[in-house]
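Undergrad: Pasting in a structure now, in structure tokens, and then I'll have a few things to ask.
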Amino acid sequence: MSPVIQDFRLALRGFVSRPGYSTALVATLGLGIGASTAMFSLVDAALLRRLPFDEPDQLVAIWGVAGPERSPRGSSLVEALDWRAMNSTLTDLSVYDELSLNLRALNGVERVDAELVSASYFPLLGATAALGRTFLPEEDRVPDAAPVVVISQDLWQRRFNGDPSAIGRTLVLNDRPFTVVGVMSEGFHGLSFDTHVWVPSMSQSVYVGSGLYSTRSSRWLMALGRLRPGVDSATAQRDLDAVGARLAALHPATNTDRGVQIYALRQNYLGQTRSLLTMVFGAVLMLLLVACANVAGLQLVRTTSRSREMALRLALGAGRGRLVRLLLADGVVTGLAGGVAGAILAAWMLQAALPALPDGLLPPWVDPALDPRALAFALGVSLVAGMFSALVPALRGARADIAAALKSGARSAASGLGRIRKPGTQQLLVVTQVAAALVLLTGTALMLRSLRAQLDVPPGFTAAGVTIGRLSLPRERYTIEARVRFATSLAERLRALPGVASASVSSDIPMAGGITAGSITIPGREGGRTIRAFRHSVTPGFFANLGIRLRSGRDFADRDVADAPAVVIVSEAMAERFWPGEDAVGQRFRVGDETGPEVMIAGVADNARFRDLTTDLTAPASEPDVYFPFAQRTDADIVLAVRSSTGALVPLELLQAAVGAIDAGLPVFGVASLEEVLHRESASPRFGSFALSAVSLFAVLLCALGIYGVIAFVVGLSRAEIAIRMALGADAGSVLRLIVGNGLALVGVGVIFGIAISLAVAPQLSEQFFRVSPRDPVTLAIVTAIVLTVATVASWLPARRTLRVEPNTALRSE
């Protein structure tokens, strides 16, 4: 039998012969390995796995940006075509917009997810049609000249039963006929990962106004590009910066203070979630480090207690290398056992945590699982953790003094209360645990305070009890007058539904997206320059329905029709910015530039948060909210909002019945609770707070166990010293203070290192926190107090237990 196999047999035999000790080691390592494996599964799925496109690392998302903050603003079709023609670092470029359309079916109408794309979109992604073809370049040149679509394999099977003759057949989308020219390969669902219909960019009038084909200032599109071979992102960014500068010079009226920004495709999907996942994964690895240090401390204790055994082996001819190998075998066996426990725990964590992840936190392709990659990670971590936790004890055991170990037992060799804080391997492990625990607690406390600050921001509306749903009115069939009649009739029918307290119809709703923006000009204010503002078209009763308070003036009324004087309601932030100390009601400004139509302010409403909870609406450069009467500024895409008298969600069936009574061909989609929509806005900080809280709790627990272990070990070896001190007149209190003081001195070193690390990494975490400084002294003070309290208890317990032993009894046992 080879020596290696023999070492592992001995290690396994020793592991089984000490069930209590082995269980403690496996449980500690299993916790660290399980948490890190579960988090690796999430990070791997989101950050590491290859996106299902051809050479995805060369794909970039391109956005128009505005102002010195370079805030993303999208692109118009005309602008995107300029980017395509004027750049020198991209092989090609395609516009992209995610939308949904009404698809006429035999039994009514269904809503399908779609994408508006250029002909170059499919070649950019390396996607080919399984049947037929994708778009031709000539179908991407003249507005509405080529009403063709490409469909997904799923829709082909569902709608045409997989019949190849589907090519050339017609689909009616938003009441407009389109010819099917291609069926995509199985599993391809575009950049949105849920698309079933692709529409060419020159057919955008199927869901937006036809005037936008040539309008440069209406921007809502993203662009997709591919870097040329050998071109990196920095070079492409410089190239597109130059393109943006040229466009600003050529079109100063629409492109001043405008730029172009590229993002790696994965970063475009993830945004700040990428750094959040990285931060949580780093925290989990720190927990694993704490677990390994804890296990190493336990192994070190056992090695010290086996010093006589090690000395005998050396005296009988065993080489020191053989002892190191034997102790490393112990570590590997322990690590593998911890890995098995960790894999089981990781599977349980994923099963429990994934359904609870907040909606909107992760892109649709992310599907974490305990797959072979995750198991390989668990195996690698198990081996590294096992060997790490055994390496220090192994090296120390190999350096044992044979003569000293044989003359005196481990007890006398390691005794002395001063040893608690004396620099040594075991003390270093405790310092590491304390520092890591403090860093984790600091991050958790900052995340919790940030979440609290975000949740404390008044949304400006009352979301509880409100059900929202969406409708898309076909533009060919619904003229402006028809939209007004539909919205008025629908609002009346919704209010008449059983259990409904109030209802309204609008172009958008707070926190639910779909908001449009445009320019306004206020004569005599801020140099008369045009200002970007968000526009909301609402029916009378909208503000009362959503609980948005009118601070002055009046609400919209039935008399505010198309041929009546144009009126608006503005946000409080806008009123205070442009008319400070004055009454904004009755003031006038123009929609668009100085030649645009004039409107009069009829009322001022509380600030309602339509976009997020973190933007400072009162900042000097903030973009205000302006409300228009729906009858004076209509929209084909509308949102219905119904407030239940009971607070319950209004069923889709009731909403569809109200719509169907007016137009049976319109499906209601996107039905949700407004409270859930608002809740989704805090998805990232809630996930971060929960994950870091769990990790920190375990880290502090393991840290406490590590401190307890050191104190208990040294105190246990120093019972004779304690007995002598007490026999010479020392009382229990003074001995207790000595032990706890030595323990806290050791912990203090760890606290100092932990604070230093927390301050050093603070700048990298700042984007994850809202209204909280990552170097907040109050947070550091509170966390330090928590760590010191836990350390005091962990030091006090073993000391108190030892002091209960009578001095005579302790001396006789020695």
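The values are calculated or read from the model by the stated rules, or taken from the named source; none is laboratory data. Since we're looking at a predicted model, the values are computed, not measured. All Cβ positions, glycine included, derive from the backbone under ideal geometry; neighbour counts span all protein chains shown. In case anyone asks, the SASA skips ligands and DNA or RNA and just uses the protein heavy atoms, side chains included. Shrake-Rupley method; radii C 1.70, N 1.55, O 1.52, S 1.80 Å.
Undergrad: Would you confirm, using the coordinates I've provided, whether T23 is surrounded by fewer than 16 Cβ atoms within 10 Å (Cβ to Cβ) and assigned to a strand (DSSP E or B)? Steps first, answer last, please.
TA: Working: surrounded by fewer than 16 Cβ atoms within 10 Å (Cβ to Cβ): yes; assigned to a strand (DSSP E or B): no.
In short, no.
Undergrad: For the stretch 485-544: of the residues being under 20 Å from D637 (Cβ atoms) and of a type in the set (F, W, Y), which is surrounded by the most Cβ atoms within 10 Å (Cβ to Cβ)?
TA: My answer is F542.
Undergrad: If I ask for residues that are under 17 Å from A496 (Cβ atoms) and either open to solvent by 60 Å² or more (accessible area, probe 1.4 Å) or among the hydrophobic types (A, V, I, L, M, F, W, C) (or both), which ones from the stretch 629-650 would you list?
TA: We begin by selecting, within the stretch 629-650, every residue under 17 Å from A496 (Cβ atoms); these are 640-646, 650.
Once the filter is applied, which keeps residues that are under 17 Å from A496 (Cβ atoms) and either open to solvent by 60 Å² or more (accessible area, probe 1.4 Å) or among the hydrophobic types (A, V, I, L, M, F, W, C) (or both), the stretch 629-650 yields L640, A641, V642, S645, T646, V650.
Undergrad: Kindly list, by first and then second residue, each pair from a residue in the stretch 251-269 that is on the phi > 0 side of the Ramachandran plot to a residue that is surrounded by 18 or more Cβ atoms within 10 Å (Cβ to Cβ), limited to pairs with Cβ atoms under 9 Å and residues at least 6 apart or on different chains.
TA: Sorted first by the residue in the stretch 251-269, then by its partner, the pairs are D257/A66.
Undergrad: State the number of residues belonging to the stretch 349-374 that are touching a residue at least 40 places away in the same chain (Cβ under 8 Å), open to solvent by 70 Å² or more (accessible area, probe 1.4 Å) and not in a loop (DSSP other than H, G, I, E, B).
TA: 1
Undergrad: Right, here's the next one. Can you say whether T37 is touching a helix residue (DSSP H, G or I) at 6+ places or on another chain (Cβ under 8 Å) and within 26 Å of L227 (Cβ to Cβ), as far as the supplied structure shows?
TA: Details: touching a helix residue (DSSP H, G or I) at 6+ places or on another chain (Cβ under 8 Å): yes; within 26 Å of L227 (Cβ to Cβ): no.
No.
Undergrad: Which ones in the stretch 563-607 are surrounded by fewer than 21 Cβ atoms within 10 Å (Cβ to Cβ) and under 25 Å from N255 (Cα atoms)?
TA: F578, R590, V591, G592, D593, E594, T595, G596, P597, E598, listed by residue number.
Undergrad: To continue, here is another question. Kindly indicate the residue of the stretch 64-75 that is in a strand (DSSP E or B) and in contact (Cβ under 8 Å) with a residue 12 or more places away in the chain and also surrounded by the fewest Cβ atoms within 10 Å (Cβ to Cβ) among those meeting that condition. Talk me through it step by step, then tell me what you get.
TA: Residues of the stretch 64-75 in a strand (DSSP E or B): 64-66, 71-72, 75.
Those still in the list that are in contact (Cβ under 8 Å) with a residue 12 or more places away in the chain too: 64-66, 72, 75.
On the way: G64: 26, V65: 18, A66: 18, P72: 16, S75: 27.
Only one residue tops the list, namely P72.
Undergrad: For the condition open to solvent by 10 Å² or more (accessible area, probe 1.4 Å) and at pLDDT below 85, what is the one hit in S773, S673, S718, S766?
TA: On the way: S773 fails: at pLDDT below 85; S673 fails: at pLDDT below 85; S718 fails: open to solvent by 10 Å² or more (accessible area, probe 1.4 Å).
On inspection, the qualifying residue turns out to be S766.
Undergrad: Listed residues L744, L788, L738, L803; which is at pLDDT 90 or above and not small (G, A, S)? Before the answer, list the steps.
TA: Working: L744 fails: at pLDDT 90 or above; L738 fails: at pLDDT 90 or above; L803 fails: at pLDDT 90 or above.
That would be L788, the only listed residue that is at pLDDT 90 or above and not small (G, A, S).
Undergrad: Related question: Restricting attention to the stretch 76-119, which residues are among the small types (G, A, S), buried (at least 17 other Cβ atoms within 10 Å of the Cβ) and in a strand (DSSP E or B)? Steps first, answer last, please.
TA: Keep residues of the stretch 76-119 that are among the small types (G, A, S), which gives 76, 80, 85, 88, 94, 100, 105, 108, 114, 118-119.
Filter once more, keeping what is buried (at least 17 other Cβ atoms within 10 Å of the Cβ): 76, 80, 94, 100, 114, 118-119.
Of everything in the stretch 76-119, those that are among the small types (G, A, S), buried (at least 17 other Cβ atoms within 10 Å of the Cβ) and in a strand (DSSP E or B) turn out to be S94, S100, A114.
Undergrad: For the stretch 476-578, which fully contained helices (runs of 4 or more DSSP H) count at least 3 residues that are of a type in the set (G, A, S) and modelled with pLDDT of 95 or more? It would help to see each step written out before you state the result.
TA: Values: elements: 480-495, 542-546, 572-578.
Passing ranges, in order: 480-495.
Undergrad: Here's something else I'd like to know. What's the number of the condition H196 fails, among (1) in contact with a His (Cβ under 8 Å, 6 or more places away or on another chain); (2) farther than 26 Å from V366 by Cα?
TA: With (1) in contact with a His (Cβ under 8 Å, 6 or more places away or on another chain); (2) farther than 26 Å from V366 by Cα applied to H196, the lone miss is (2).
Undergrad: Consider A61 carefully, then state whether it is of a type in the set (G, A, S), modelled with pLDDT of 95 or more and outside any loop (DSSP other than H, G, I, E, B).
TA: Values: of a type in the set (G, A, S): yes; modelled with pLDDT of 95 or more: yes; outside any loop (DSSP other than H, G, I, E, B): yes.
Here the answer is yes, as A61 does meet what is asked.
Undergrad: What number of residues in the stretch 209-223 are within 31 Å of the chain's Cα centre (by Cα) and under 18 Å from R141 (Cα atoms)? Full working, then the answer.
TA: Filtering the stretch 209-223 for residues within 31 Å of the chain's Cα centre (by Cα) gives 218-223.
Now restrict to residues that are under 18 Å from R141 (Cα atoms): 221, 223.
Total satisfying the criteria: 2.
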